[in-house]
Amino acid sequence: MQTASKFSVLRVCARLALYNLPTLLICVALFLYIGRAEEMRTSLSELVQVVGSESMRPTIGAIAEDFMTRNPLADITVRGGGSGDGIAALLHGMVDIAMTSRDVTPRERAYVSDKGLELSMVPLALDAVVIVINQANPITVLDVEQIRDIFAGKIRNWSELHGAETEIVPFARAAGSGTAYLFGEHVLSADSFAASVSHLSTNEAIVAEVAARPGAIGYTGRGALRGVGNRVRMIAIRSNQQSPPTMATTESIVSGSYPLSRKLSLVTTGHPLATAKAFVDFCLSASGQGLFQRAGYIEVQSAAR
Amino acid sequence: MLMRGIIKRLTASSHPLSLCAILFWTFVVPSPLQADAGAGQLRAKIVVGTMRVPPFVLRSDDGQWSGLSIDLWKRIAEELKIPFEFREFDYDLAGLLDAVERGRVDAVIAAIPITQEGEARFDFTHPYFAAGLGIAVRGEPQGSLAGTMTGLFTYQFVVAVAALFGLLLFVGILIWLLERRQKSHFDSRPSHGIADGVWWAAVTMTSTGYGDKVPATLGGRVLAIVWMFASIFLVALFSATLASSFVVGRLKTGISGPDDLARVRVAAVSGTTGEQWLNAQGLNTRTYPFVIQAMKALQRGDVQALVYEKAILGYMIKEYGWNGLRVLPYTLAVREYAIALPNDSPIKKSINLALLKVIHGSEWKDIVQRYLGETGHFASAD
């Protein structure tokens, strides 16, 4: 009796399953469809294209690698080409994110708002160029124009700047680095380097040379001065003769009173897609900011504190 | 003084007729160049107005200009041996066109299409580029067995089969509800009875008509009549859907020209000529706010084609690594780009000569390909 009823229960179940096969099929099809749509919506599987500033490219590239290790389905490509072309590509809808080491110009903003969109700019880090001289040199302050004259070869002796009777030996970074670009843009502007300027390829080389020669002057990224100790001395800078001299401190760079600094930002239009937004957030996270710090920049996180 | 310097260089390299033209303009007609020089703004070089328009005009952060139009201008200037400088009008098309109309710049090269309104305000050289809409599609997939199988079982196919089974079940339940009390052909137990109903619905639908299950009630017979005739349409619809799903599955890459757009889903970018063109053709269009989103949809397979500015499609595929996509060798809604000059410009003739020489030269094809990739049919507007 017991076995018979068990058997019939099984048989009824089997029949029910068989007869409801069509319903089952429909459910499976529906489930697959919804599942696929849901996967598209929730997982960070998007392709994200980032284009812009050459000096940001290595750091953003490293952050993208890190991001993709954590989100294996995401595909982030980072390309250079310059801030201007990056913003242009963004405004023409050709990329998701632009990297820029300058502000968005009013004309660029107007172009976007004419299309009924808005730009959102997320600062990630700050970059500053510091001027270093030999420890033995008594000079403490220079204005931007004096620095320009030194590197353009118009001022050749420290005595012209009320210093010692020593010939000035200027050191510059080789063209192509962000530091060299910032110096060229903010200090040198229209002038070009004098023949007496030696071009070195790393910040470390500049520190070493300036530490070794009493008459030397050079510029490096601020990050390079970590752990240098007393080998070289950083001087304060004035925008012009009237303005107060400013040292490159985190505060002065963040407030913008230090003249030789720039902001590194990501720009997106309107509402970025989920993966793009997640990537921007990741750049602001501890791991992203850590990579900026390692590259010698000032993280915005520490700037906010 | 300056004008004569430029003229000397121009005449050295161009057709003798252009010399006459230039002399005529120099001495008889007050040229905009002279007018400006007279106003105290002495020009040591030809001033060329331009604005950033990827991929025609690009500029790196250290101020280096590049791009298709810029490269053309550099070659023209080289040909004519004239010194020049670029003046930037980024994102200010109105200002740029105004400048050339008033002669504040000697030429404008960016991505300026030849239009009636433009011709009324200033002058155009010969066209150097046939711009227009292009069609981007996914490249050829690998011919693997798994690929072919998954191609066969398209989403459309699965939905059609599921709908068929659903309908059979629905009719089966209905007929059982109507007939269950008769206890003759349809079992009164739900599980057996519904199975009988589904069996009857399938036998009737395919007009097999075994006659082993026969409705006896009035309601059952009304349902039977409705189902019989509805089945004729449904079977036709089902076969058609199935057939088309197989065809689309197999001919995924079958978009070889504009004529094929009608049978696939096409993407466009909202507010562009591409969208207008597709709407005018009455084509099934899905719009996206930015071209990159449309490209992603195309890559995912949400759409089978994308209609957008051909030059930008080519540039994006080449420069931003959209490896799975390619642009078909057709240009729709053609617009011709030319250099804009102030009215009665003394340098028009020599620029035209140099322009034709450059775009008919062998190097020009390489330049076009460098910026736009292998998009084909990108010869000059001839």
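The values are calculated or read from the model by the stated rules, or taken from the named source; none is laboratory data. The structure displayed is predicted, hence computed values, not measured ones. So basically every Cβ, Gly included, is an ideal-geometry build from the backbone, and we count neighbours across all protein chains shown.
Details
- Checking A:D114, A:D96 one by one, the residue that is surrounded by 22 or more Cβ atoms within 10 Å (Cβ to Cβ) and of a type in the set (D, E) is A:D96 and no other.
- Count - residues of region A:86-108 that are modelled with pLDDT of 90 or more and either closer than 22 Å to A:R262 by Cα or assigned to a helix (DSSP H, G or I) (or both): 10
- With respect to the stated conditions, B:V105 fails to be in contact with a Phe, Trp or Tyr (Cβ under 8 Å, 6 or more places away or on another chain) and either away from every other protein chain (no Cβ under 14 Å) or farther than 20 Å from B:V358 by Cα (or both).
- The set of residues in region B:42-64 that are more than 10 Å from chain A (Cβ to nearest Cβ) and at pLDDT 90 or above comprises B:I46, B:V47, B:V48, B:G49, B:T50, B:F56.
- Scan of region B:97-124 for residues that are crowded, with 17+ Cβ neighbours inside 10 Å and within 27 Å of the chain's Cα centre (by Cα), ordered by number: B:L97, B:V108, B:I109, B:A110, B:A111, B:I112, B:G118, B:F124
- Whether a residue is more than 10 Å from chain A (Cβ to nearest Cβ), surrounded by fewer than 22 Cβ atoms within 10 Å (Cβ to Cβ), closer than 18 Å to B:M228 by Cα and at pLDDT 85 or above was assessed, and B:L169 does not pass this test.
- One residue stands out in region A:82-109 among those that are facing chain B (nearest Cβ under 7 Å) and of a type in the set (A, V, I, L, M): the one that is farthest from the chain's Cα centre (by Cα), namely A:M94.
- Elements of type helices (runs of 4 or more DSSP H) contained in region A:201-296, each with 1 or more residues being in contact with a Leu (Cβ under 6 Å, 6 or more places away or on another chain) and among the hydroxyl-bearing types (S, T, Y): A:274-284
- Flag for A:L44 being outside any helix (DSSP H, G or I), modelled with pLDDT under 85 and out of contact with any Pro (no Cβ under 9 Å at 6 or more places or on another chain): yes
- Tally of residues being touching a residue at least 12 places away in the same chain (Cβ under 8 Å) and of a type in the set (G, A, S) across region A:99-135: 4
- Residues of region A:195-230 satisfying the condition of being over 19 Å from A:L126 (Cα atoms) and basic (K, R): A:R213
- Subset of region B:197-227 (residues that are among the aliphatic types (A, V, I, L, M) and either within 14 Å of chain A (Cβ to nearest Cβ) or part of a helix (DSSP H, G or I) (or both)): B:V198, B:A201, B:A202, B:V203, B:M205, B:L218, B:V222, B:L223, B:A224, B:I225, B:V226
Matching residues to (1) over 12 Å from B:L133 (Cβ atoms); (2) buried (at least 17 other Cβ atoms within 10 Å of the Cβ):
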position: B:S270; (1), (2): yes, no
position: B:F290; (1), (2): yes, yes
position: B:A333; (1), (2): no, no
position: B:A338; (1), (2): yes, yes
position: B:D344; (1), (2): yes, no
position: B:I347; (1), (2): yes, yes
position: B:L353; (1), (2): yes, yes
position: B:D366; (1), (2): yes, no
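- Near pairs, Cβ below 9 angstrom, 6+ apart or cross-chain, from region B:80-91 (farther than 22 Å from B:P54 by Cα) to any residue that is among the hydroxyl-bearing types (S, T, Y) and surrounded by 19 or more Cβ atoms within 10 Å (Cβ to Cβ): B:L80/B:S14; B:L80/B:S350; B:I82/B:S350
- Hits in region B:81-121 - residues which are of a type in the set (G, A, S) and in a helix (DSSP H, G or I): B:A94, B:G95, B:A99, B:G118, B:A120
- Residue within region A:264-277 that is over 30 Å from B:A297 (Cβ atoms) and either within 14 Å of chain B (Cβ to nearest Cβ) or touching a residue at least 24 places away in the same chain (Cβ under 8 Å) (or both) present: yes
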